[in-house]
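Notes follow once the structure below has been shown.
The values are calculated or read from the model by the stated rules, or taken from the named source; none is laboratory data. Keep in mind that what you see is a predicted model, and the values were worked out from it rather than measured. Here the Cβ positions follow ideal geometry from the backbone for every residue, glycine too, while neighbour counts run over all protein chains shown.
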Amino acid sequence: MTIHIDDTERRLLRYLQTDPAMATAELAEKAGVTPATCWRRLEKLRARGIIRGVQAVIDWRALGYSVEVSLRFTLDKTDPRAFDEFIAAAREVPEVLEIQTFLGRVDLRLTLLARDMAHYQDLYRTRILTLPHIADIEALMHVADIRRQEVLPL
């Protein structure tokens with residue numbers, strides 16, 4: 001189901017994406033509406049599920065995490081509980097930032113952060129290889145972000 005938004009809502013979302021912490025008064029001014037209208041429209045967008053929340057974007061490298069790895073898994077799907085059990089176990093690994101499922105040759109992808117290669121090796125051996133139902137695993141070491149687009153072109 002596609003939700004339609006008008007030009008005012010599109011402007012509000014465009015400015016909100018660039019600075020989620022922007023005060024409602026400033027957002028209203030930039031979007032060309034009154035603060036009351038801005039607040040009502042934002043509430044409407046939240047109620048419709050278009051705005052799901054505001055989150056902090058953390059520079060993990062600044063906190064000492066220098067290794068990012070994308071792990072692609074193919075599961076042994078002879079057990080009908082394979083996906084659920086794998087996902088439940090992967091959620092227990094604090095260094096796993098993201099879990100995605102796919103249709104195709106790869107069943108799941110995990111994004112994992114580690115402080116350094118020694119930490120990654122330890123995580124891989126003790127937490128990743130012990131996940132259930134793994135038939136195949138491929139690790140892709142993150143080298144650089146060429147483009148990481150966080151903003152939807154509205």
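The table below lists the values:
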{"quantity": "Flag if THR74 is surrounded by 12 or more Cβ atoms within 10 Å (Cβ to Cβ), of a type in the set (S, T, N, Q) and not in a helix (DSSP H, G or I)", "calculated": "yes"}
{"quantity": "Given (1) outside any loop (DSSP other than H, G, I, E, B); (2) farther than 30 Å from MET141 by Cα; (3) in contact with a Ser or Thr (Cβ under 9 Å, 6 or more places away or on another chain), number of the condition GLU26 does not satisfy", "calculated": "(3)"}
{"quantity": "Of the criteria (1) under 21 Å from the mean Cα position of the chain (by Cα); (2) in the same structural domain as PRO132 (by TED's automatic domain parsing), which one ARG52 fails", "calculated": "(2)"}
{"quantity": "Search result, residues across segment 120-151 that are within 21 Å of ASP59 (Cα to Cα) and not hydrophobic (A, V, I, L, M, F, W, C)", "calculated": "TYR120, HIS142, ASP145, ARG147, ARG148, GLN149, GLU150"}
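Here's the yes/no breakdown for (1) outside any loop (DSSP other than H, G, I, E, B); (2) closer than 30 Å to LEU16 by Cα; (3) without any contact (Cβ under 8 Å) to a residue 24 or more places away in the chain:
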residue: GLU92; (1), (2), (3): no, no, yes
residue: GLY104; (1), (2), (3): no, no, yes
residue: LEU113; (1), (2), (3): yes, yes, no
residue: HIS119; (1), (2), (3): yes, no, no
residue: ASP122; (1), (2), (3): yes, no, yes
residue: PRO132; (1), (2), (3): no, no, no
residue: GLU138; (1), (2), (3): yes, no, no
